[in-house]
Amino acid sequence: MNSIFNAKWIKAPASIEYKPVRFCKKTELAKEYLKATLYITACGTYEAYINGDRVGDFILAPGWTDYPSRLQYQEYDVTDMLKKTSEITVNVGAGWYSSQISDPWHGDSPQISRERMLKPVSLIASFEIEYIDGTRENIYTDESWSVSDWAVEYSDIYHGEICNTCKKTNFVGVDISDMQYHTLIPQEGEKVIEHETLLPVKEITTPKGERVIDFGQEITGYVSFEVDAKAGDRIVIDHAEVLDSDGNFYNENLRSARARIEYTCKDGLQSYKPHHTFMGFRYIRLTECPEKIPTEAFKAIVVFSDMKRTGYFRCSNDKLNKLYSNLVWGQRDNFLDVPTDCPQRDERLGWTGDAQVFVKTASYNYNVQKFFRKWLHDLSCNQTALGAIPHVIPDVINDQGSHFGAKVECSAAWADAVTICPWQMYLSYADTDILNDLLPAMEKYIAYIRNDGEDPYVWATGGHFGDWLSMEPTDKQFIADAFYAHSTMNLINSLSVLGRDCGRYEKLYEGIVEAFRNNHPEYNSQTECVLAIRFNLAPDIKAAVKKLADMIRKNDNRLSTGFVGTPYLLHVLSENGEAELAYTLLLQEKFPSWLFSVNMGATTIWEHWDSQREDGSFWSTEMNSFNHYAYGSVGDWMYGVMCGIKPRADAPGYKEFDFAPIADARIDFAEMEYETRYGKIKAGWKKKDRGFEYHLSVPEGTAAHVKIGEVEKLVGAGEYKF
């Protein structure tokens, strides 16, 4: 146990405890030291400084976890930062801990929101000093620290930040907080950092006469600026994803989220960027700004979790390349400590359904093992005693009600993240630890469904979302029963990998499949066909594939699937003799399609197939994100089928992998790279006069199962052409 557990939780006195605050401690070291280590965390988000220099590069530290059960603390080597006499300051804002996050779901219960806002921020920290003579000293947070409010007068995840550099503050003594220690855990997830800076592409004077700056790409992060101003000048910045059909600034789809920066200047040259908030935006409006401040004073800083990029894709079709770029940006923008649904409106929550439909694509683009391990541990903490999985993790919709026995609604295809995401971590990274950690949650979840009604083979109730945002109705019960079977099979596979007995679940699975076939003999939508085929529930797969293909062709070669059916759609076609039709859907440009948004100028993936219509009108203001990665799940087909690289359950983590690409004459070439723990896989193909030439690079220590036409063989490390 390190020294942070001997420190005291400190907070501001009542007069300023509900504001962003700055804690301070001046210290003097008695003698020459060899090493200094800081352990620190906060209820809220913090930035630590030693003698004015920032400690670390973790943005929005300590991150977002299920606070009632888990609060990460961080460790920093500050040996080169401390001096004989040092001043330690730590800014702490509301962050996710006590902001207005989840307010839209508490409209009928405002007391919950008030209670969330009445949680003062607090800090705990410890410096461990190792002296050259071998002695040690600890500097703790305690009554000797002081605190004040400061220039940042207000911060909120949804609403932005207010900073007044002219504000005068006074330090006072701290109070001791009654926060607990048992929730403290070492940093588990990836830290969030600044990744790149975008310069303005152009400045626009809108038809309304407003000054708007376009950064050319939708990002998650914030704006920084450096200006020469005079005391009292104000810079007010609003954020938006798109312009309306007239070319005016449009932020109505942010709903109640103000997403605004208000900055009051001091005299002279000064710079600023937000401390405890983030925005999702491409455009900013200079709602207030001195005219002399030029466009180039403003920059957009991209912020997301510090994941290693592992996958790259490219082909001869520029629109597909743009689609790929959009889905990668969608992941970057929404993998900010938790897999959020969107980064801009009054939501930004870890929706389980979005995470599970995208997890396979995510694990191609980036190494997300550490990222998902942390989030899945929070998921297991939020599971109810009966086994229900809340819709979002951390569970702020129920205000952590799962910890207090509250009834939590559970939806098929959302709650199934509990079995789908750990299984993907096993396939992609050979991670048996996460399977073992989540196994109790998987079993509780299956027991929850089995006991939910009189028939153990049917999911009797539940607050199901169905095929969310689909273009045609799909029976919610059909989806629930299909995912019941799918998650049971994931549990069976997980138990088998871990060497556990799965006999009773195999019998359960047989009963679920039989009940499914009895209760759902007909398939009345594309998604129903897709699930019956993908989950091997259709008694006649060939007939189901034909029905699906007929539905698509009768729909003018267009899809009609939503969040549930879309991730599997191209797979079931290409795996069952309809690869040409799968490519037709991928290349389709008429609404609804992936390339419709590309043609409309999208730089990320949209929430709706028609978030913005051809005439420039919008789907709605109520639920219309232009940065919502779920439909970007097509990326795993581009990697896994188009270029042909897939992991294998019998040799996970790409120790062995499949190479079974499917080419199409409408595309001249396609290629990918994927970085595994063993090295880089390179794969692809190009069109030749009499067919296609396929190429493959297999890293040392691995093997590839090649299947191309009549060629079927196992090959070891090396370079190959077929």
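The values are calculated or read from the model by the stated rules, or taken from the named source; none is laboratory data. Since this is a predicted model, take the numbers as computed values, not measurements. Using ideal geometry, Cβ is built from the backbone for each residue, glycine included, and neighbour counts are taken over all protein chains shown.
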Could you list, in sequence order, the residues of the range 143-154 that are under 36 Å from the mean Cα position of the chain (by Cα) and either in the same structural domain as G221 (by TED's automatic domain parsing) or closer than 25 Å to V78 by Cα (or both)? V147, S148, W150
Scan of the range 704-722 for residues that are buried (at least 17 other Cβ atoms within 10 Å of the Cβ) and either within 18 Å of M638 (Cβ to Cβ) or of a type in the set (G, A, S) (or both), ordered by number: A704, I708
Scanning the range 550-578 for residues that are in contact with a Cys (Cβ under 9 Å, 6 or more places away or on another chain) and part of a loop (DSSP other than H, G, I, E, B) gives G565
Report yes if R258 is surrounded by 20 or more Cβ atoms within 10 Å (Cβ to Cβ) and either charged (D, E, K, R) or more than 15 Å from E210 (Cβ to Cβ) (or both), otherwise no. no
Looking at T340, T352, which is the one that is within 20 Å of V303 (Cα to Cα) and touching a strand residue (DSSP E or B) at 6+ places or on another chain (Cβ under 8 Å)? T340
Strands (runs of 3 or more DSSP E) wholly inside the range 653-718 that include at least 1 residues being over 27 Å from the mean Cα position of the chain (by Cα) and among the small types (G, A, S): 669-676, 679-688, 691-698, 703-708
All but one of (1) buried (at least 23 other Cβ atoms within 10 Å of the Cβ); (2) more than 20 Å from the chain's Cα centre (by Cα); (3) outside any strand (DSSP E or B) hold for P68; state the number of the condition that does not hold. (1)
Would a scan of the range 218-235 turn up a residue that is at pLDDT 95 or above, in a loop (DSSP other than H, G, I, E, B), under 23 Å from W96 (Cα atoms) and not assigned by TED's automatic domain parsing to the domain that holds Y154? no
Considering G63, G95, G52, G44, which residue is out of contact with any Gly (no Cβ under 8 Å at 6 or more places or on another chain) and at positive phi? G52
Please go through the range 352-398 and give me each residue that is under 13 Å from A441 (Cβ atoms) and outside any helix (DSSP H, G or I), ordered by number. Q383, T384, A385, L386, G387, A388, I389, P390, I393
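Answer yes or no: is there a residue in the range 79-87 that is surrounded by fewer than 20 Cβ atoms within 10 Å (Cβ to Cβ), of a type in the set (A, V, I, L, M) and at pLDDT 95 or above.
First, the residues of the range 79-87 that are surrounded by fewer than 20 Cβ atoms within 10 Å (Cβ to Cβ): 79-81, 83-87.
Among the residues that remain, those that are also of a type in the set (A, V, I, L, M) are: 81.
Filter once more, so that each one left must be at pLDDT 95 or above: 81.
Yes: one or more hits.
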R282: closer than 24 Å to P20 by Cα and of a type in the set (K, R), yes or no? no
Unmet criterion (only one of (1) without any contact (Cβ under 8 Å) to a residue 60 or more places away in the chain; (2) surrounded by fewer than 21 Cβ atoms within 10 Å (Cβ to Cβ); (3) not in a helix (DSSP H, G or I)) for E622: (1)
Pull out all pairs, ordered by first then second residue, where Cβ-Cβ is under 7 Å, the residues are six or more apart or on different chains, the first lies in the range 271-293 and is over 16 Å from D214 (Cβ atoms), and the second is part of a loop (DSSP other than H, G, I, E, B) and charged (D, E, K, R). P290/D233
Every residue from the range 25-63 that is in a strand (DSSP E or B) and without any contact (Cβ under 8 Å) to a residue 40 or more places away in the chain: I50, D53, R54
Within the range 182-207, the count of residues that are without any contact (Cβ under 8 Å) to a residue 40 or more places away in the chain and in a loop (DSSP other than H, G, I, E, B) comes to 2
When you look at I512, is it assigned by TED's automatic domain parsing to the domain that holds L438, assigned to a helix (DSSP H, G or I), without any contact (Cβ under 8 Å) to a residue 24 or more places away in the chain and aliphatic (A, V, I, L, M), yes or no? no
Which numbered condition V641 misses (of (1) under 25 Å from W329 (Cβ atoms); (2) free of Cβ contacts under 8 Å to residues at least 40 places away in the same chain; (3) touching a helix residue (DSSP H, G or I) at 6+ places or on another chain (Cβ under 6 Å)): (2)
